[in-house]
Amino acid sequence: MLETKTKMIFPVKKTFISLLILLFTIPIISLARNEDNTLGILKVPNEGCPVITAPGQTFKVISEEKGTLYLIDSKNNIQPLNADWKEIGTNKWEALATVAEKGIKKGAFALQIITDTQRKDINPRCIWVQKAFKDYYIFAHISDIHIRSDDPNDEHALLFQKVIEKLNKSDAHFVLLTGDLTHDGTLEQFNIFLNIMNQCQKPTFVCAGNHDRTEDNYEKIFSTSTYAFRYGKDGFIIFDTREYRTADSWGEQDTFLYRYRRELKSCRWTFGITHRYEPTMGMRAQTILFIDDPIDFILYGHIHRENTKEESILPWGKTRVFVVPAEKDGYYRIFDVGEGGLFPRPIQNIKN
């Protein structure tokens with residue numbers, strides 16, 4: 001009789017626990033970002049500034065408060081993260097979070113925080129776990145999307161949707177989106193952009209373009225316009241070229257660029273990712289990136305055409321240039337990266 005009761009109780013208990021987990025996760029997921037899609041408690045990583053990591057590796061988290069961090073997969077499985085927090089400013093905390101070495105599957109995860117004051121927030125598809133990094137990999141580059149209204153059926157939005165569908169079927173490991181994501185930089189346009197980009201089944205790294213610079217809406221959606229990440233042996237520096245001053249003072253971005261360039265100095269290849277390049281951009285940034293210790297490649301858009309042969313190397317003579325025509329006209333490009341360098345595939349146009 002006791003054995004029979006045990007068999008009956010166990011499934012009831014298991015169902016009860018499953019319901020608790022479901023009730024625990026659904027409200028939290030509904031709290032992703034704020035109502036207007038601006039970032040909430042969690043700032044970095046986010047969908048446009050994600051983390052690609054592997055079991056046992058650490059990554060940085062920036063938040064308004066400290067708390068307990070969790071990874072949530074597509075099936076709502078929850079895995080806690082070990083995190084060491086430190087305060088780095090007013091309402092600003094930084095954590096070094098560590099991915100478990102065992103028991104975690106590869107793929108996309110949401111990052112959830114439950115703060116010490118019991119506030120909750122979650123950023124979807126911002127953590128991407130893979131088992132290992134290979135010496136050879138592939139990425140896609142698109143630019144100048146120009147979402148121009150709050151209508152998801154606008155021509156530019158529908159075209160962006162089709163390009164994302166193409167990239168989902170491609171062999172690219174991640175996607176770079178280099179600015180002019182919107183046409184007027186309004187929160188409504190950013191909402192359309194974000195909703196479509198979040199259908200991408202690969203990590204998506206964004207940077208700001210000149211059309212994205214209405215007030216501080218870009219930072220409200222993606223937190224930062226200057227950051228860096230490693231992918232295996234290689235390093236990527238994302239920076240903002242909205243201002244062109246030949247006698248610019250040493251600013252916050254220059255400090256970041258200097259630090260990132262030093263941190264990535266040992267990389268096999270280093271990439272600069274930005275919206276545009278002009279010889280008149282800030283000289284301090286150019287000195288850091290292209291003169292003192294030149295990065296190997298720079299990728300951008302802005303000019304709505306491919307760069308010419310004469311534009312294939314920066315005036316300083318070291319950094320190779322690759323420009324992709326505007327995505328709003330249907331263009332995208334895929335690159336292969338290996339020991340021999342960066343190898344561009346032919347530019348594709350979904351309208352052809």
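Quick notes
- Of all residues in the stretch 294-335 being open to solvent by 20 Å² or more (accessible area, probe 1.4 Å) and basic (Lys, Arg), the one that is farthest from the chain's Cα centre (by Cα): LYS309
- If you go through the stretch 96-112 and keep only what is touching a Gly at 6+ places or on another chain (Cβ under 9 Å) and part of a strand (DSSP E or B), you end up with just THR98.
- Hits in the stretch 99-112 (condition: open to solvent by 20 Å² or more (accessible area, probe 1.4 Å) and under 30 Å from GLU339 (Cβ atoms)): GLU101, LYS105, LYS106, GLY107, ALA108
- Hits in the stretch 153-172 - residues which are in a helix (DSSP H, G or I), over 22 Å from VAL129 (Cβ atoms) and either in contact (Cβ under 8 Å) with a residue 40 or more places away in the chain or open to solvent by 10 Å² or more (accessible area, probe 1.4 Å) (or both): GLU155, HIS156, LEU158, LEU159, PHE160, GLN161, LYS162, VAL163, GLU165, LYS166
One line per residue, one yes/no per condition, for (1) under 12 Å from the mean Cα position of the chain (by Cα); (2) under 26 Å from LEU257 (Cα atoms):
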{"residue": "ASP184", "(1), (2)": "no, no"}
{"residue": "GLU188", "(1), (2)": "no, no"}
{"residue": "HIS211", "(1), (2)": "no, yes"}
{"residue": "THR224", "(1), (2)": "yes, yes"}
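- ILE288 aliphatic (A, V, I, L, M) and modelled with pLDDT under 95: yes
- If the condition is being surrounded by fewer than 21 Cβ atoms within 10 Å (Cβ to Cβ) and farther than 25 Å from HIS141 by Cα, then the stretch 42-59 contributes PRO55, GLY56, GLN57, THR58.
- Flag if SER249 is farther than 24 Å from HIS156 by Cβ, at pLDDT 95 or above, in a loop (DSSP other than H, G, I, E, B) and open to solvent by 70 Å² or more (accessible area, probe 1.4 Å): no
- Subset tally (residues that are aromatic (Phe, Trp, Tyr) and more than 18 Å from VAL175 (Cα to Cα)) for the stretch 87-145: 1
- Taking the numbered list (1) modelled with pLDDT under 95; (2) closer than 24 Å to ASN352 by Cα in turn, ASN168 passes all entries but (1).
- Entry remark, the stretch 68-88: residues being farther than 15 Å from GLY56 by Cα and open to solvent by less than 30 Å² (accessible area, probe 1.4 Å) number 2 in total.
- Close pairs (8 angstrom Cβ cut-off, 6 or more residues apart or separate chains): under 20 Å from GLY179 (Cα atoms) in the stretch 308-335, among the β-branched types (Val, Ile, Thr) and open to solvent by 50 Å² or more (accessible area, probe 1.4 Å) anywhere: ARG320/ILE313; VAL321/ILE313; VAL323/ILE303
- Here the stretch 31-83 is the region considered, the condition is being outside any loop (DSSP other than H, G, I, E, B) and farther than 20 Å from VAL129 by Cα, and the residue that is nearest to the chain's Cα centre (by Cα) is SER63.
- Residues that are open to solvent by 10 Å² or more (accessible area, probe 1.4 Å), outside any strand (DSSP E or B) and under 28 Å from ALA326 (Cα atoms) within the stretch 113-145 comprise just one, TYR136.
The values are calculated or read from the model by the stated rules, or taken from the named source; none is laboratory data. Note that this is a predicted model, so its numbers are computed, not measured. In this analysis, Cβ positions are derived from the backbone assuming ideal geometry, glycine residues included, and neighbour counts consider all displayed protein chains. Accessible surface areas use protein heavy atoms only, side chains included; no ligands, DNA or RNA. Shrake-Rupley method; radii C 1.70, N 1.55, O 1.52, S 1.80 Å.
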